[in-house]
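Here's the structure we're looking at; comments come further down.
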Amino acid sequence: MSDMTMGAAPAAPKVANRGLFFRRWLRNPLQMGSIVPSSPALCRRIAAAVERGADEYVLELGAGTGVVSQALLAAGIPPERLIVVEIVPEMAEHLRERLPGVNVVCGDAFDLKGALPAHLHGRIGTAICGIPLVLLPLERQEAFRDAVEAVAPGKGFLLYTYCATSPLPYRKLGLEAKRLAFTPANFPPASVWRYRPPAAR
């Protein structure tokens, strides 16, 4: 079950709500990869790795306060082609206010088939994960892989992480892995990885 809303019109971006971000981290550290939002340098590298056809959407999972979302918009993703999934209602409401025109879903990234309307299934160009999958057991990592595959078959996902090597056991997950970017300008230094099923090229 999900709650999907779209803002009416674009507005000037707001400064990231670090207090809200930190409070959410205190409540559930396993849902957050860091105690501070991602840096502009990392956000730009994530946006540069996006692949999307003209009729496809970009899906962001675990958007936090929306700093990556804003980088995606700044890179030219139309607001109506960006879908943001956030499980915490308070954060989802913050994103609706901060990202007018963007499709905001209050739902579970591990149940994307149920969270996203059926007409969006198969129309995702790139899925971006901000969830710290490295902290989860293999079964949950498999569940995430399957959730993305259900709505973006063959596309895989981008994962930004603070690990120096691949944060996922990609061979066990039946995926191929490639590090696309590294930025020491982030705190802590971060990488962007692309994971895909072997048949995807």
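We did not get these values from a lab; they are worked out from the coordinates using the rules stated. Keep in mind that what you see is a predicted model, and the values were worked out from it rather than measured. Neighbour counts run over all protein chains shown; Cβ positions are idealised from the backbone, glycine included.
Could you name the aspartates and glutamates whose alpha carbon sits less than 13 Å from that of residue 113, not counting residues in the same chain fewer than 8 places away?
146, 149
Order by neighbour count: 191, 166, 69, fewest other Cβ atoms within 10 Å first, most last. List each step's numbers first, then the result.
Working: 191 21, 166 18, 69 28.
Exposure proxy ranking, most exposed first: 166, 191, 69.
Could you please rank 84, 192, placing first whichever residue has the fewest other Cβ atoms within 10 Å of its Cβ? Don't skip to the answer; put the middle values down first.
On the way: 84 28, 192 21.
Fewest to most other Cβ atoms nearby, the residues stand as 192, 84.
With 10 angstrom as the radius, rank 42, 168, 173 by how many other C-beta atoms surround their C-beta, starting from the fewest.
Details: 42 25, 168 22, 173 18.
Exposure proxy ranking, most exposed first: 173, 168, 42.
Let me see the P(r) profile for region 38-196: every Cα-Cα distance counted, bins of 5 Å, each bin given as a percent of all pairs.
Bin by bin from 0 Å, the calculated values are 2, 9, 20, 24, 23, 16, 6, 1.
Give me the distance in nm between label points sitting 7 Å out from Cα along the Cα-to-Cβ direction at residue 179 and residue 121, one decimal.
3.7 nm
Find out how many positive minus negative residues lie around residue 127, taking Lys and Arg as positive, Asp and Glu as negative, among other residues whose Cβ is under 12 Å from that of residue 127.
On the way: positive: 52, 123, 145, 155, 194, 196; negative: 51, 56, 60, 149.
Result for the neighbourhood of residue 127: +2.
Which one, 53, 65, 88, projects farthest toward the positive side of the charge dipole computed for region 38-196 from Cβ point charges (K/R +1, D/E -1)?
After comparing all options, I get 53.
Distance from the Cα centre of region 134-177 to that of region 78-131, in angstrom?
Cα centroid of region 134-177 versus Cα centroid of region 78-131: 18 Å apart.
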